[in-house]
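Novice: Before I ask anything, here is the structure I am working with.
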Amino acid sequence: MSRIQTLQIIGSKKLGGAESFFVRLHQAFNQTNDLGSTAIVPHKSELLSSLSAPVATSAMRSVFDPLSRFSLGALIRREQPDIVQTWMGRATRLVHLRPGKGPVHVARLGGFYNPAHYRHVHALVGNTRGICDYLIKHGYPADRVHYISNFVPRPEPVEAEQLQQWKMRLNLKDDLVIFALGRLHTNKAFDTLLDAFSALPEEINGRRVQLLLAGDGPLADQLKDQASKSAASNRIHFLGWQSDPAPFFAMADLFVCPSRHEPLGNVILEGWAHGVPVVSTRSDGALELMTDGSDGVLTEVDACEELTSAMQQVLTASDDQKAAMVTAGHSTLERRFGQETIVSAYHALYEQLLAGAR
């Protein structure tokens, strides 16, 4: 089969976890001989600065806007792709393509969304097995549901000068660093992390313990207020949104994902990719990704004392114990979530769908 051309369409104007993977997958496709991708995003989307060509914009004002639906339809007819892959609710509900005529419509889901909004789609991709099971349980035909997870890129080395600049800026010396990353939203449970961190000793093995928190969102002011009232306030650093978190992973002795609700957990994959030990709560995604005590440590959701204990357990572990955890995480990442594995899975799915449509 000749090179498969795809349109990848997302309705987001702000960067987040799903949007970051959208960018990665678009660029990974265009690095292969078998797949091509044109990214379609709303006008003035923040994603535009991260996407490489080919890229186009289209109005995606709301799922009820007929002009947005018309403009996307015109763009699809002009581009004539083999596959139209929509991401999340807005783009998916704006695109309606007849089965058996023209491109195949694939929707990629990274959450437990209302299946009624996706029944017009020709095939669905869930990025966890839990999402796929959920769709089938709610009546979506099993033969149209496909599991393909995410990947994270191999990180580039961080320059020593850049690391030193951040350490000076944050007043980090020979400190132990806990890093957390994500949208400052109730689902991410950073309030629990702040309480759990505050219960840690100020020093472990003679080294001060610091918390770096990267991200932005609706709870930013509330979380900063909570941190300011903490006994550990001078050791908690809010970094804001960081398009490149590599320096902070490079400084980290431990990465923590404290989420209440996390369908997958891209950040866990990122922690493994950067060679950092990982502690996570038992969210749906983490339970699917991690093996407790092997490639990470799992705690119950919102179990503050348990989270404190798990962080202290990793920070006081021997170098050999931490190295074994990092090695196991990297092995899990390469075996199940490597870029080549995920891109090949998409290519195989597209070939299957196109063969059935012809």
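Novice: Check Ser230, Ser243 and return the single one that is out of contact with any strand residue (DSSP E or B) (no Cβ under 9 Å at 6 or more places or on another chain) and assigned to a loop (DSSP other than H, G, I, E, B).
Specialist: Only one candidate qualifies: Ser243.
Novice: So, in segment 278-296, of the ones that are in contact with a strand residue (DSSP E or B) (Cβ under 8 Å, 6 or more places away or on another chain) and open to solvent by 10 Å² or more (accessible area, probe 1.4 Å), which residue ends up nearest to Leu307 (Cα to Cα)?
Specialist: Arg282
Novice: Related question: Given Phe64, Phe70, which one is open to solvent by 20 Å² or more (accessible area, probe 1.4 Å), part of a helix (DSSP H, G or I) and among the aromatic types (Phe, Trp, Tyr)?
Specialist: Phe70
Novice: Looking at (1) in contact with an Asp or Glu (Cβ under 8 Å, 6 or more places away or on another chain); (2) surrounded by fewer than 19 Cβ atoms within 10 Å (Cβ to Cβ), which is the only condition Arg77 fails?
Specialist: Of the numbered conditions (1) in contact with an Asp or Glu (Cβ under 8 Å, 6 or more places away or on another chain); (2) surrounded by fewer than 19 Cβ atoms within 10 Å (Cβ to Cβ), the odd one out for Arg77 is (1).
Novice: Please pick out the residue among Val152, Val145, Val63 that is out of contact with any Cys (no Cβ under 8 Å at 6 or more places or on another chain) and within 21 Å of Ile342 (Cβ to Cβ).
Specialist: Exactly one residue qualifies, and that residue is Val152.
Novice: Could you list, in sequence order, all residues of segment 61-118 that are at positive phi and of a type in the set (D, E, K, R)?
Specialist: none
Novice: Quick test of your reading of the structure: Ser52 fulfils all but one of (1) free of Cβ contacts under 8 Å to residues at least 40 places away in the same chain; (2) touching a Ser or Thr at 6+ places or on another chain (Cβ under 8 Å); (3) closer than 28 Å to Ala214 by Cβ; (4) open to solvent by 10 Å² or more (accessible area, probe 1.4 Å). Name the failing condition by number.
Specialist: Failing condition for Ser52: (2).
Novice: Can you pull out every residue in segment 9-36 that is surrounded by fewer than 18 Cβ atoms within 10 Å (Cβ to Cβ) and part of a loop (DSSP other than H, G, I, E, B)?
Specialist: Lys13, Lys14, Asn30, Gln31, Thr32, Asn33, Asp34
Novice: Same structure, new question: Can you work out which of the residues in segment 98-110 that are buried (at least 17 other Cβ atoms within 10 Å of the Cβ) and out of contact with any Gly (no Cβ under 6 Å at 6 or more places or on another chain) is farthest from Gly356 (Cα to Cα)?
Specialist: So the residue we want is Gly110.
Novice: Here's something else I'd like to know. Condition (residue is assigned to a helix (DSSP H, G or I), modelled with pLDDT of 95 or more and either over 20 Å from the mean Cα position of the chain (by Cα) or of a type outside the set (A, V, I, L, M, F, W, C) (or both)) applied to segment 270-288: is it met by at least one residue?
Specialist: Checked segment 270-288: at least one residue is assigned to a helix (DSSP H, G or I), modelled with pLDDT of 95 or more and either over 20 Å from the mean Cα position of the chain (by Cα) or of a type outside the set (A, V, I, L, M, F, W, C) (or both).
Novice: I would also like to ask the following. Would you mention how many residues in segment 83-96 are touching a Gly at 6+ places or on another chain (Cβ under 9 Å) and either part of a loop (DSSP other than H, G, I, E, B) or open to solvent by less than 10 Å² (accessible area, probe 1.4 Å) (or both)?
Specialist: Number satisfying all stated conditions: 8.
Novice: Give segment 130-167 a look and list any residue that's in contact (Cβ under 8 Å) with a residue 40 or more places away in the chain and either open to solvent by 70 Å² or more (accessible area, probe 1.4 Å) or part of a helix (DSSP H, G or I) (or both), or say none.
Specialist: Gly130, Ile131, Arg154, Glu156, Gln162, Leu163, Trp166, Lys167
Novice: Just for segment 247-257: of the residues that are part of a helix (DSSP H, G or I) and in contact with a strand residue (DSSP E or B) (Cβ under 9 Å, 6 or more places away or on another chain), which one is most open to solvent (accessible area, probe 1.4 Å)?
Specialist: The extreme case among them is Met251.
Listed here are the residues, each with its yes/no results for (1) within 19 Å of Leu163 (Cβ to Cβ); (2) of a type in the set (A, V, I, L, M, F, W, C); (3) open to solvent by 50 Å² or more (accessible area, probe 1.4 Å); (4) in contact (Cβ under 8 Å) with a residue 12 or more places away in the chain.
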position	(1), (2), (3), (4)
Val209	yes, yes, no, yes
Leu219	no, yes, no, yes
Ala232	no, yes, no, yes
Pro245	yes, no, no, yes
Ser259	no, no, no, yes
Leu269	no, yes, no, yes
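Novice: I want to confirm something. Restricting to segment 302-337 and keeping residues that are surrounded by fewer than 19 Cβ atoms within 10 Å (Cβ to Cβ) and under 15 Å from Leu193 (Cα atoms), which single residue is nearest to the chain's Cα centre (by Cα)?
Specialist: The selected residue is Asp302.
Let's see how each residue does on (1) modelled with pLDDT under 95; (2) hydroxyl-bearing (Ser, Thr, Tyr); (3) within 22 Å of Val278 (Cβ to Cβ):
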position: Ile178; (1), (2), (3): no, no, yes
position: Leu193; (1), (2), (3): no, no, yes
position: Ser198; (1), (2), (3): no, yes, yes
position: Arg208; (1), (2), (3): no, no, yes
position: Leu212; (1), (2), (3): no, no, yes
position: Gln226; (1), (2), (3): no, no, no
position: Trp241; (1), (2), (3): yes, no, yes
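Novice: Okay, moving on. Filter segment 168-185 for residues that are open to solvent by less than 70 Å² (accessible area, probe 1.4 Å) and of a type outside the set (A, V, I, L, M) and give the result.
Specialist: Correct list: Asp175, Phe179, Gly182, His185.
The values are calculated or read from the model by the stated rules, or taken from the named source; none is laboratory data. Computed from a predicted model, the values in this text were never measured in an experiment. Ideal geometry is used to build each Cβ from the backbone, glycine not excepted, and the neighbour counts take in all protein chains shown. The protein model used for the area step is the full one, side chains on, heavy atoms only, and it has no ligands, DNA or RNA in it. Shrake-Rupley method; radii C 1.70, N 1.55, O 1.52, S 1.80 Å.
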